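**Q** Take this structure, written in structure tokens, and hold onto it; I'll ask about it next.
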Amino acid sequence: MNSPNSTDDTPAKPATIVFAKSGKTITCAENELILDVAEREGILIPSSCRSGNCGTCQQKLIEGQIQYNNPDAAKDLEPGMILTCNAQAINTVVIDA
Ligand code: FES
């Protein structure tokens, strides 16, 4: 029996990603990768390794907070840049894509 605080079957919280250049605002789950959401919506973000190694997918985070699947992958990025293949939006984020 699940307790009220169990996270096993709790649906992911919603998040909103604003793709500024594309003019699209997308609601998704907080645990979705930003690159996956962009591709699903037809927004072109270049990518290659999709595992946080190459840096091809980096984009500027204009506003908001993200979390990484693998925080070590982003340690060499310029300030304000994120790896979209590894990042998940928290609440509402604005991406320069
Ligand atoms: S696609 Fe290589 S770091 Fe994101």
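Values in this text are rule-based calculations from the coordinates and carry no lab data. Just so we're clear, the structure is a prediction, and the values are computed from it rather than from any experiment. Here the Cβ is made from the backbone with ideal geometry for all residues, glycine too, and neighbour counts use every protein chain on show.
**Q** Take residue 70 and residue 9, extend 7 Å from each Cα along the Cα→Cβ direction, and tell me the distance between the two endpoints in nm.
**A** For the pair residue 70/residue 9, the computed spacing is 3.3 nm.
**Q** Here's a follow-up. At R0 = 22 Å, how high is the FRET efficiency between residue 16 and residue 78 if r is their beta carbon distance? Nearest 0.05 is fine.
**A** With a Förster radius of 22 Å, E is 0.35.
**Q** Given N residues in the chain, what is Rg(Cα) / (2.2 N^0.38 Å)?
**A** With N residues counted in the chain, Rg over 2.2 N^0.38 Å equals 1.11.
**Q** Return the aspartates and glutamates within reach of residue 24: Cα separation strictly under 16 angstrom, same-chain partners fewer than 8 residues apart disregarded; answer none if there are no such residues.
**A** Answer for residue 24, where 16 Å is the Cα cut-off: 36, 39, 41, 63, 96, listed by chain and number.
**Q** How many nm separate the modelled label positions at residue 31 and residue 60, each set 7 Å beyond the Cα in the direction of the Cβ?
**A** 3.3 nm
**Q** On full extension of the chain, what length is gained from residue 39 through residue 92, given 0.36 nm per residue of separation minus the C-alpha to C-alpha distance?
**A** Roughly 17.3 nm would be gained on extension.
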